[in-house]
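The values are calculated or read from the model by the stated rules, or taken from the named source; none is laboratory data. Source: prediction; values computed, not measured. Please note: Cβ atoms are built from the backbone with ideal geometry, for glycine as well, and neighbour counts cover all protein chains shown. When the accessible area is computed, the model is the full protein with side chains, heavy atoms only, and any ligands, DNA or RNA have been set aside. Shrake-Rupley method; radii C 1.70, N 1.55, O 1.52, S 1.80 Å.
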Amino acid sequence: MKVIVTGGCGFVGSNICEFLKNLSFEVVSVDNLSKIYSKLNLKRLSNLSIKNYNIDVSDKNKFIKLNYKADIIIDCCADPAVESSRKDILKNINNNLITTYNVLEKAKKDNSKLIFLSTSRIYPIKDSRQKFTAFLKKKNKNLFNEGSNIIGPKTIYGFSKLASEMLIKEYNYAFNIDYLINRCGLITGPWQFGKVEQGLVSLWLWKHLNKDNNLYYKGYNGSGNQIRDILFINDLCELLYLQIKKFKKIKNQTFCVGGGIKNSVKLNQLTKICEEITKNKLKIKHDLDTSIYDIPFYITSLDKVKKYYNWRPKTDLKIGLYAILEWMKKNYTLIKPHF
Ligand SMILES: NC(=O)c1ccc[n+]([C@@H]2O[C@H](COP(=O)([O-])OP(=O)(O)OC[C@H]3O[C@@H](n4cnc5c(N)ncnc54)[C@H](O)[C@@H]3O)[C@@H](O)[C@H]2O)c1
């Protein structure tokens, strides 16, 4: 089976490429190497004999002309940084929505199926804030699911991903392009070069490993009480494999995919785990300013994805973090410039 992974030199895309290649899929990546670390992943893919086409997917002419016809396109190319999405709105729309439009055009031309990596940020900011208050009062867990409200401001990034989801459904209706949409929460794992607004877990661990005190609990009184569920990349890859295998039977569906309640953690609890596994303790500072884009709560309801695929994340929080730490230690000199 032939697969194109757009954004194949990013964190998620490169891990998917490697995973599928190891299962003997024919995989190519299309990535314009816009991240500094994309070049490192390019080398990694090349060592695995995975070709990358250096094409800007937002350039329709170039992408459509790509002479590679895939059975499935996995669309992971995006500009997922949340805060900066309101700084250059057009760039964000280009890299998130227009890329999806071009992927759909290519899928139409080549009769390919599509798996789209969407995000939990399609849900409104105010809903996360309301659920957080309810969660703290232990009123209910009220997790996010496929039917949760999507109306309301959510960030430009979230908007462009939701618009992509909607466009995919229009193409399905008008041109019979079959699709699956995975709305993912926070994903982490080896080969993630965490920054404050993208890849927080690996950033947290890296700072602890390096005894670097330059870390902040930001927003919500600087308490570090924000809650997220953590999905490890290997679990996501296993789900994608199941989705490809069962595509004929299960298609044209949207799934919420995340670590779930079992792998949910407050930021200050994540600190404790990082301290325990690195044996380093930091003096984390407090920044009381809450960004208009900051959300305090996201936990995924896994009911639908469990029902359809009998899938659930297998990786335990601490074991997953240990695996990232091992990767960091093993590749320390190579990866240091990219954090
Ligand atoms: N990392 C997470 O926690 C997370 C959570 C939810 C959803 N997602 C989704 O997963 C996907 C991958 O995210 P990631 O964390 O790997 O991001 P990433 O930034 O590490 O990777 C994105 C890759 O896409 C490439 N790219 C961007 N614009 C491009 C363009 N116009 N043409 C060609 N290539 C382009 C970049 O060069 C980069 O290599 C995204 O769709 C994102 O919305 C990620």
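For this structure, a couple of remarks:
- Top-ranked residue in segment 114-139 [being charged (D, E, K, R) and free of Cβ contacts under 8 Å to residues at least 24 places away in the same chain; ranked as surrounded by the most Cβ atoms within 10 Å (Cβ to Cβ)]: K139
- Any hit, segment 62-71, residues being within 9 Å of the ligand (Cβ to nearest atom), more than 23 Å from F193 (Cβ to Cβ) and modelled with pLDDT of 95 or more: yes
- The number of residues in segment 1-36 being farther than 16 Å from I115 by Cα, within 7 Å of the ligand (Cβ to nearest atom) and open to solvent by 10 Å² or more (accessible area, probe 1.4 Å) comes to 7.
- Restricted to segment 168-215, and to residues there that are polar (S, T, N, Q) and not in a strand (DSSP E or B), the residue that is nearest to K336 (Cα to Cα) is N210.
- Residue within segment 172-193 that is more than 10 Å from the ligand (Cβ to nearest atom) and among the basic types (K, R) present: no
- Scanning segment 114-137 for residues that are part of a helix (DSSP H, G or I) and under 20 Å from the mean Cα position of the chain (by Cα) gives S120, R121, I122, I125, S128.
- For segment 99-110, a tally of residues being open to solvent by less than 20 Å² (accessible area, probe 1.4 Å) and not hydrophobic (A, V, I, L, M, F, W, C) returns 5.
- Every pair of residues 6+ apart whose Cβ atoms lie under 9 Å, when the first sits in segment 314-339 and is touching a residue at least 24 places away in the same chain (Cβ under 8 Å) and aromatic (F, W, Y) while the second is in a helix (DSSP H, G or I) and open to solvent by 20 Å² or more (accessible area, probe 1.4 Å): F339/W206; F339/K207
- Considering only residues in segment 126-162 that are touching an Asp or Glu at 6+ places or on another chain (Cβ under 8 Å) and among the hydroxyl-bearing types (S, T, Y), the one that is nearest to F297 (Cα to Cα) turns out to be S148.
- Residue selection: K304 fails the criterion of being outside any helix (DSSP H, G or I) and either closer than 23 Å to Y217 by Cα or in contact with a strand residue (DSSP E or B) (Cβ under 7 Å, 6 or more places away or on another chain) (or both).
Listed here are the residues, each with its yes/no results for (1) open to solvent by 60 Å² or more (accessible area, probe 1.4 Å); (2) under 16 Å from S29 (Cα atoms); (3) charged (D, E, K, R).
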{"residue": "Y68", "(1), (2), (3)": "no, yes, no"}
{"residue": "C77", "(1), (2), (3)": "no, yes, no"}
{"residue": "N92", "(1), (2), (3)": "no, no, no"}
{"residue": "S112", "(1), (2), (3)": "no, yes, no"}
{"residue": "K141", "(1), (2), (3)": "yes, no, yes"}
{"residue": "G152", "(1), (2), (3)": "no, no, no"}
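- Extreme residue, nearest to I335 (Cα to Cα), among residues of segment 37-58 that are in contact with a Leu (Cβ under 7 Å, 6 or more places away or on another chain) and open to solvent by 30 Å² or more (accessible area, probe 1.4 Å): K39
- Qualifying residue in segment 46-54 (condition: out of contact with any helix residue (DSSP H, G or I) (no Cβ under 6 Å at 6 or more places or on another chain), within 16 Å of the ligand (Cβ to nearest atom) and at pLDDT below 95): no
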